[in-house]
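Below is one structure; the comments refer to it alone.
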Amino acid sequence: MAEEELIYGHAKQALQSLTDRKKRGKERIGDFFWEVFIIIVAVNITLWFHDWSEKRHDRELEKNFLIGTRNDLDIVKNSLERAFPDIQTILNYYDSVWIQINEHRIDAEFIDTNSDHLIYASYFLADNSRFESFKSSGYLRLIENSGLLNEITRLYNLYFPFQEYEDRTIYEARLQGFNTYIGSKVPIDSSGKMYVSKLLNNSEVKYQIYYQKQALQEMKGQKQKLQQGVDSVMNLIDEELKNRFNYKGKEKES
């Protein structure tokens, strides 16, 4: 490297100063210390530059991670928002069936035509590859805002895995109940239509309708809380990017 060659040259010059018989002893010592002084200054400048360059690189890594994570969370938020109408449609079906059971006015066509709602699945998935890669590289230490780091870490290490587990657990329990008390007993015609309305006098089937309705309501509430958490972290990232990096996002810069 150029700076190393420069330091080596001055070190060589310092040694030559001490052995230069053309100069008096006092002059040789003076030249020697001058060369040493130049070396010290050069070393300090080199170290400062390397430190500055490393900090600049780390700062860029932090900024890009926050921008990328913000984009990842926006995808998660949109995914949750798209799931709500479907979940509500299924809940409306359960609510209607439950009311019909309790009021003894069964709309068989409605119940049977929409009986596929009984095995509806809604799985939450979040891409955590960016976070895991940043973490495994030891770069999470670069996030200076400890509060923000804690919130991001909670999302990826706690809340996202919890929601994935809950969605899977709720669906598996619903499917098991359906197969045991409905699917294995319900009349099915050649088109695959299930006549669930014919089983609604069975107490076990009634319980499945009630249980699944409650389970889906719980799922909806969990996803709403998760969406609020994602929104909160996205706002914190926006604030950090604006305050520390003067970054407002492409949509706000235009």
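The values are calculated or read from the model by the stated rules, or taken from the named source; none is laboratory data. Small disclaimer: the values here were computed from a predicted structure and weren't measured. Methodologically, a virtual Cβ is constructed for each residue, glycine included, from the backbone with ideal geometry; neighbour enumeration extends over all protein chains shown. We work out accessible area using only protein heavy atoms, side chains counted, and drop any ligands, DNA or RNA first. Shrake-Rupley method; radii C 1.70, N 1.55, O 1.52, S 1.80 Å.
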Exercise for the section: Mind grabbing the accessible area of Arg130 for me, 1.4 Å probe, Å², rounded to tens? Expected result: 100 Å²
Fill in the blank from the handout: With DSSP loop assignment and no more than 16 other C-beta atoms within 10 Å, the chymotrypsin sites (Phe, Trp or Tyr not before Pro) in region 141-250 are Tyr195
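To the nearest 20 Debye, how big is the dipole of region 156-215 about its Cα centre, given +1 on the beta carbon of each Lys and Arg and -1 on that of each Asp and Glu?
The calculated dipole for region 156-215 is roughly 320 debye.
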Practice task
Hey, could you get me the Stokes-Einstein D for region 48-194, Kirkwood radius over alpha-carbon pairs, 4 °C and 1.567 mPa s, rounded to whole µm² s⁻¹?
Solution key: 67 µm²/s
Exercise for the section: Could you pull out the pairs from Lys77/Lys248; Lys198/Lys223; Lys63/Lys225; Lys198/Lys220; Lys63/Lys220; Lys223/Lys248 whose alpha carbons sit more than 23 Å apart here? Expected result: Lys198/Lys223; Lys63/Lys225; Lys198/Lys220; Lys63/Lys220; Lys223/Lys248
